[in-house]
Amino acid sequence: MNASYAPTIEFESARTLDELHAMLDGIQVKNGWNKPTPSLYPQPKQRFAGARWRYADARAALHAAGRLVGTEWAERRNLILANPIPGNDYPTVTTLVAAYQMVKGGETARSHRHTPNAMRVVVEADAGTHTIVDGVKVPMLHGDVLLTPNWSYHGHSNDSAHEAYWIDILDAPLVQALGPMFFEHHPDQVEAADRIEPASTMRFAYAEYRPRLLATAPVSPGLRRLELGAGRVETFDRVAMHLEAGADWPGSKSTASRILLVVDGRGSSTIGGQRFDWAPGDVLAVPSWMEHAHHADDDAVVICVSDAPVMRALRWLRD
């Protein structure tokens, strides 16, 4: 044997495959001919489950947290909607995490920034509630969709007399998987904001997008959809769906993972064979490559958030 290729282990001494397999551990490799778990398979595997979280329950829990979790923790007074599978305490679906958050009247949540992109859908908020993004106050009212692009400083202020509740969506699980996670607090605790911009490009006001949604042509009987702009958030989309009372949405099985946020209306969904009723403020998880269908009992508006932009960019999007 060429001396330049002298192995550190004498593999020629192996008399059986079991002995060879044991030797492979010594050079930190695994055999590719007898893998215990296949690395390639005919269609996607899914470890996440279909799920629903009730806003009524989360609201009550956050109200209690308002007594017990002080203002210094207001930025983290949230409830993470971890998919209910064994061993999971964070992602809602593979690439996205959702959380309910509450800021009490008169409180501010200190400013920070991070590499994950974020968005918020407001469930309850009175005039005087704002998210502060890059030094600009953006109003938060029921049904509004607000964007926080990655590495933008952001905080929240509630100058009203009542608690404000919203749902956060972040692509943090995707960032964690790929590695480029950075986070830092603003040096001034709460970033100064010198103006209010109701028409900020970071805000899709419910009072504006709902009439536009209702004016669009149905994509199927009783079902309308409206994309809420790309903005500067490119890893997940935002699609407003309107279902007329009695309408069905037979959602397609897709490689994209979805989170559904109910703005208004009541109905039911079947996800992966499980049935869930839903009401305003509720959140549903639709994992990738899972059958799902939805029915509206009365007029409903639902925001669908998915990682389809990532799947599409990598040519992995398939329905």
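The values are calculated or read from the model by the stated rules, or taken from the named source; none is laboratory data. Please read all numbers here as calculations on a predicted model, not as lab measurements. Cβ coordinates were reconstructed from backbone atoms using ideal geometry, including for glycine residues, and neighbour counts include every protein chain displayed. Accessible surface is based on the protein model in full, side chains and every heavy atom, while ligands, DNA and RNA are left aside. Shrake-Rupley method; radii C 1.70, N 1.55, O 1.52, S 1.80 Å.
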* Structure fact -> Projected onto their principal axes, the Cα atoms of the range 160-281 stretch, largest extent first, over whole-Å spans of 51, 35, 29
* To do: From largest accessible area down, sort L79, L228; use a 1.4 Å probe on the protein chains.
  => L79, L228
* **Over the range 1-148: Rg over Rh, Cα atoms, Kirkwood Rh** => 1.27
* Asked: Tilt of helix 55-68 relative to the longest C-alpha principal axis of the chain, in degrees (0 to 90, nearest 10)?
  -> 90
* Structure fact -> Mean Cβ-within-10 Å packing, highest first, puts peptides 254-262, 59-67 in the order 254-262, 59-67
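Percent of alpha carbon pairs in the range 209-319 separated by more than 24 Å?
Tail fraction, whole percent: 20.
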* Asked: Scanning the chain for GluC sites (Glu not before Pro) in DSSP loops with at most 15 other Cβ atoms within 10 Å, what's the longest stretch left with none?
  -> 11-233
* Asked: For D282, which sequence-distant residues (separation of 5 or more, or a different chain) have an amide H within less than 5 Å of its own amide H, given hydrogens modelled in the peptide plane?
  -> Y55, V262
* Helix-only [θ]222 nm of the chain, DSSP H runs n ≥ 4, -39500 (n - 2.57) each, per residue, nearest 500 -> -4000 deg cm²/dmol
* To do: Give me the percent of the accessible area of the chain that comes from carbon and sulfur atoms, probe 1.4 Å, all protein chains in place.
  => 54
* Point-to-point label distance, A22-N34, nm (Cα→Cβ direction, 7 Å offset) -> 1.3
* Structure fact -> Using alpha-carbon coordinates alone, the radius of gyration and Dmax of the chain in Å work out to 23.6, 82
* **Average accessible area per residue (Å²) across the chain - probe 1.4 Å, nucleic acids and ligands excluded** => 50
* Asked: D for the range 1-66, whole µm²/s, Stokes-Einstein with Kirkwood Rh over alpha-carbon pairs at 20 °C and 1.002 mPa s: what number?
  -> 121
* Structure fact -> Quick calc: nm separation of the 7 Å Cα→Cβ label points for Q189 and R312 -> 4.4
